[in-house]
Amino acid sequence: MLWVFCFRRVVKWKASPLVPVLICAGVTACFCLLEWLGETQPRFTFFKRLEWITYDWRVKEAAWHSSPVATNLGFVAMDEGSIDAVLNGSLPYRFGVLWPRQVYGRLVDELSAQGARVVGMDVLFSELRPDHPEMETATGNIPSDVFFANSLRRSGRVFLATEEDLFPPELFTTNALGVAHISAQPETDGILRRTHAFIEVREWHPVIKTAAREFGWDLNRFTVGELKLLFPRQDGAGTNSLSLNAEGQFNVGVLERAVVGNTTNPVVWRLAPPFRDHRLWHLGLAMAAYELNLDLDRALVDLKNGQITISNAQGVQRVLPVDQAGRFYINWSVGLKDPRLTTRPIEHLLNQYEARRAGRMEAVTNEWAGKLVVVGSTALGNNLSDRGATPLEQQTYLVSDYWNVANSVLVDRFIHPAGLPARLLIIALFGVLSGFLSLNSRTLVAVGSIGSVAMAYAVLAFWLFIKSGLWLPLVMPVVGSLATTHVILITYLVRVEKRLRRHTKEIFSRVVSPDIVRELLDQEKLQLGGAQRRVTIFFADIRGFTEVTDRSRQRADEFVARRNLAGAEAERHFDTEAEVVLNTINPYLGAVADVIRNHGGSLDKYIGDCVMAFWGAPTANSRHAASCVRAAIEAQRAVLELNHQRQAENDRRVEENFRRATAGQDPLPMLDILTLGSGINTGVVTVGMVGSEAHLMNYTVFGREVNLASRLEGASGRARILIGEATHRDLLRDDPELAALCVEHPPLALKGFRDTVKSYEVLWRPADVSGAEAGQTMTLVRSKAQGEMPS
């Protein structure tokens with residue numbers, strides 16, 4: 001569960017350009033490590049088993065596409081019918097399940113007579129059987145083992161089989177073409193996919209094997225002493241020794257007498273080596289090498305570089321791709337029922353042998369000329385034949401191993417697994433590719449690209465396997481590095497994007513309208529340009545703030561001069577005064593901004609001590625004029641409430657300053673009381689992104705109607721709201737109650753407008769405005785429009 005914990009921690013990391021790179025590198029490194037562990041540690045087989053599944057698919061596809069098969073392969077089968085035929089008397093002899101060696105001698109003679117090129121016996125002859133019935137010949141009876149040995153000698157083309165320590169007796173090995181191994185070890189999932197090219201076998205002298213059984217010697221744990229061999233006893237009761245001469249030979253006669261226990265007969269001195277070491281090649285490989293005249297004794301074995309090179313004097317060469325244990329993958333191409341494989345039951349050849357002896361040559365088919373013949377059992381029963389799974393079939397006879405290996409050598413077609421360095425490189429490349437596609441494409445495009453890459457690579461891997469036997473890995477690069485890296489990166493990016501989106505909205509919603517924030521975040525790409533929209537624009541300016549900044553600067557200058565400050569100290573005091581000024585204006589601007597957001601307006605920008613907002617974009621609002629005017633009224637009331645609070649604080653400070661003066665302390669400064677002037681106008685404007693594509697962009701509105709709203713704000717005076725004629729018309733339609741609070745003004749001559757502009761003042765105070773107040777209001781408006789500062 002460690003990777004789950006790490007994954008959860010990763011997606012919580014702070015967004016950084018380096019994090020996706022670390023994710024990509026980390027995931028790729030993990031799968032490279034798993035690939036290395038699967039190669040070097042036998043216990044790590046999970047991903048290897050998945051890869052084997054894809055390998056089996058490819059083997060079946062290659063077989064279905066008619067991979068090359070030699071035309072001279074044959075199989076002599078011993079099945080249930082064969083056992084019945086030897087048992088039921090249909091032949092001149094009758095034997096039970098355990099046939100005497102003479103039966104195999106007859107078979108070898110017949111195959112030789114029909115011209116078989118080489119015969120491989122998938123039958124173990126591990127000991128002599130003098131108890132078997134003798135073979136009747138024209139010259140007399142011959143022991144069954146001797147007859148079989150003579151048949152091997154006459155043929156000269158038979159390979160005998162060995163498995164583990166079941167080595168054939170010397171009577172057979174000296175007459176056979178050679179001895180080959182038939183060891184087969186399925187993979188951990190029970191499927192036979194590969195085999196050893198050769199095994200190293202130690203053949204102990206028969207007398208030593210007899211002594212080991214008699215005295216309980218452990219031949220697997222012997223050690224070499226000075227001119228002797230030391231054999232630990234299997235019962236743990238010490239160690240027995242066997243003397244050797246300077247050439248490493250022992251006296252066979254002495255050991256024979258010790259085994260028999262006869263100390264009266266004289267010792268017959270016979271020297272022999274205690275054992276011989278043999279390199280035994282795979283049966284199918286040995287048969288094909290004989291066919292091609294390849295010299296196995298001079299084979300170049302380079303397990304470090306993963307190859308075994310076999311050649312002959314004529315320049316024919318075969319290079320087997322093997323692992324460091326000398327194993328190679330069997331190119332399964334020919335099944336048991338493949339029509340390209342000549343298959344006959346053994347009784348068929350035994351009958352032809354009897355026909356040949358009787359001179360009935362018309363009954364002899366002679367179909368085995370030039371064939372590489374495997375003799376093996378397909379009879380039921382674990383002690384009669386080997387059954388198991390191959391990539392081609394879930395349950396079959398594993399004797400097919402030998403002719404498939406022989407076929408690979410004959411047609412020079414082997415399975416070439418990609419080496420560990422190549423597999424690690426492919427995994428790394430797929431990790432980099434996944435990271436590039438995931439980080440540089442939209443999600444759907446990235447998913448499609450990843451899927452296309454995976455599909456293309458899978459097709460390529462299948463095609464290369466079918467055409468040349470090259471086995472490229474699929475699971476680790478595709479499912480592991482490519483897909484997993486993509487999923488984790490996309491998950492991380494989605495989590496980060498959501499967090500960044502939320503963080504962005506939280507930050508920018510304090511500056512501009514949440515609607516504008518949503519509009520910008522919903523765009524896949526920000527572009528300059530806009531559209532025509534009918535909106536209502538609102539300008540609100542904090543009146544008196546200029547005088548506040550002037551007074552602040554004057555106070556700061558006086559303080560610095562009075563205290564004789566200079567340099568950094570003076571700068572710090574100026575910074576403190578600037579902070580006081582900002583603390584004065586920010587509550588007013590904040591109060592106005594909160595009202596705008598609460599009424600669904602789009603807060604465009606702060607222009608110094610002025611706030612600009614609009615309604616009707618980006619979110620549509622059919623009553624945008626009424627919403628804007630009500631927001632302006634509430635903003636005025638919010639400023640009024642703020643002024644009441646500040647005035648109360650000033651009253652408290654007056655009392656505090658009286659006490660501070662008594663104590664000789666500097667007085668607390670009074671809080672400035674500011675007012676708000678507002679201008680509103682409705683009309684068609686251009687709304688959208690303005691600025692530079694390479695740098696800053698701003699979502700805003702502009703046009704004549706925006707300028708008019710700004711001019712109305714400039715003419716509004718203190719604590720007043722002026723609206724344009726178009727806004728008033730919308731109020732009459734959408735909110736008559738609000739329109740009733742509007743008082744018409746005489747036309748205004750505003751800067752930048754050729755004709756006078758009709759406007760209305762919105763009476764926002766709770767009490768009704770008297771006629772005198774209204775007249776004063778109009779006087780203030782006219783003086784403001786003419787460039788005078790109202791008192």
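The values are calculated or read from the model by the stated rules, or taken from the named source; none is laboratory data. Just so you know, these numbers come straight off a predicted model, no measurement behind them. All Cβ positions, glycine included, derive from the backbone under ideal geometry; neighbour counts span all protein chains shown. When the accessible area is computed, the model is the full protein with side chains, heavy atoms only, and any ligands, DNA or RNA have been set aside. Shrake-Rupley method; radii C 1.70, N 1.55, O 1.52, S 1.80 Å.
Would you mind pulling out the separation of the Cα centroids of region 52-67 and region 157-213, in Å?
31 Å
Calculate the translational D of region 403-502 in whole µm² s⁻¹ from Stokes-Einstein, where the hydrodynamic radius comes from the Kirkwood formula applied to all Cα pairs, the temperature is 20 °C and the viscosity 1.002 mPa s.
Here the translational diffusion coefficient equals 140 µm²/s.
To the nearest 20 Debye, how big is the dipole of the chain about its Cα centre, given +1 on the beta carbon of each Lys and Arg and -1 on that of each Asp and Glu?
With only Lys, Arg, Asp and Glu charged at Cβ, the dipole is about 1000 debye.
Note down the nm distance, to one decimal, between modelled labels 7 Å out along Cα→Cβ at residue 640 and at residue 387.
10.1 nm
Relative to the Cα centre, what is the charge dipole magnitude of region 55-145, using +1 at the beta carbon of each Lys and Arg, -1 at the beta carbon of each Asp and Glu, and rounding to the nearest 20 debye?
Value, rounded to 20: 280 debye.
Determine the order of 670, 689 by accessible area, beginning with the largest, at a probe radius of 1.4 Å.
The residues order as 670, 689, largest area first.
In the calculated pair distance distribution of region 527-595, what percentage of Cα-Cα distances lie above 17 Å?
Above the 17 Å cut-off, region 527-595 has 59 percent of its Cα pairs.
Find the relative contact order for the chain and round it to a whole percent, using C-alpha pairs within less than 8 Å whose residues are 6+ positions apart.
12 percent
Using only the alpha-carbon atoms of region 200-281, report the extent along each of the three principal axes, biggest first, to the nearest angstrom.
44, 29, 25
Run the simple label-point estimate for residue 237 and residue 357 please: 7 Å along Cα→C-beta, distance reported in nm.
A separation of 5.0 nm, rounded to one decimal place.
In nm, what is the difference between 0.36 nm times the number of residues separating residue 126 and residue 365 and their Cα-Cα distance?
Computed gain between residue 126 and residue 365 is 82.8 nm.
Work out Dmax and Rg for the chain from the C-alpha atoms and quote the Rg first, both in angstrom.
50.6, 156
Compute the whole-percent fraction of alpha carbon pairs in region 374-440 spaced more than 19 Å apart.
61 percent
Rounded to whole Å and sorted largest first, list the principal axis extents of the Cα atoms in region 337-418.
Per principal axis, max minus min of the Cα coordinates gives 57, 33, 18 Å.
With every protein chain left in place and a probe of 1.4 Å, what is the accessible surface of residue 467, to the nearest 10 Å²?
The accessible area of residue 467 comes to roughly 130 Å².
Full extension from residue 487 to residue 71: what is 0.36 nm times the residue separation minus their Cα-Cα distance, to one decimal in nm?
That works out to 144.7 nm of additional length.
Which translational diffusion coefficient, to the nearest whole µm²/s, is obtained for region 524-682 from the Stokes-Einstein equation, given a Kirkwood hydrodynamic radius over C-alpha pairs, 25 °C and 0.890 mPa s?
134 µm²/s
Starting from 0.36 nm per residue, how many nanometres of slack lie between residue 729 and residue 293 once their C-alpha separation is accounted for?
146.1 nm
Give the residues of region 173-208 whose amide nitrogen is closer than 18 Å to a point set 7 Å from the Cα of residue 272 in the direction of its Cβ.
In region 173-208, the label zone of residue 272 (backbone N under 18 Å from the point 7 Å along Cα→Cβ) covers 173-176, 202-208.
Mind checking the angle between helix 771-785 and the chain's longest principal axis? C-alpha axes, 0 to 90 degrees, to the nearest 10.
70 degrees
Which value, in Å² and to the nearest 10, is the accessible area of residue 36 when all protein chains are kept and the probe is 1.4 Å?
It works out to around 110 Å².
Antiparallel versus total DSSP beta bridges in the chain: what percent is that, nearest 5?
70 percent
Averaging the inverse of every distinct alpha carbon separation and then flipping it gives the Kirkwood radius. What is it for region 87-192, in angstrom units?
Averaging 1/r across every pair of different Cα atoms and inverting gives 14.9 Å.
Taking every pair of alpha-carbon atoms in region 226-349, give the share separated by more than 24 Å as a whole percent.
Everything past 24 Å amounts to 60 percent.
Based on the Cβ-Cβ distance from residue 663 to residue 455, what FRET efficiency comes out when R0 is 51 Å, to the nearest 0.05?
0.05
In nm, to one decimal, how far is the modelled label at residue 558 from the one at residue 572, with both set 7 Å along Cα→Cβ?
Between residue 558 and residue 572, the label points sit 2.3 nm apart.
Using R₀ = 30 Å, calculate the FRET efficiency as 1/(1 + (r/R₀)^6) where r is the Cβ-Cβ separation of residue 582 and residue 654; round to 0.05.
0.80
Can you send over the solvent-accessible area of residue 126, 1.4 Å probe, protein chains only, in Å² to the nearest 10?
50 Å²
Sorting check: for 169-176, 359-366, which peptide has the highest mean count of neighbouring beta carbons within 10 Å, and how do the rest follow?
The packing order, highest mean first, is 169-176, 359-366.
Please work out the Cα convex hull volume for region 172-245 and give it in Å³ per residue.
Considering the Cα atoms of region 172-245, their hull volume per residue is 175 Å³.
Dividing the Cα convex hull volume of region 306-355 by residue count, how many Å³ per residue is that?
Hull volume over Cα atoms, normalised by residue count, gives 180 Å³.
Okay, which of region 18-44 sit inside 13 Å, backbone N to the point 7 Å along the Cα-Cβ direction of residue 432?
Once the point is set 7 Å along Cα→Cβ of residue 432, 25 turn out to lie under 13 Å by backbone N, inside region 18-44.
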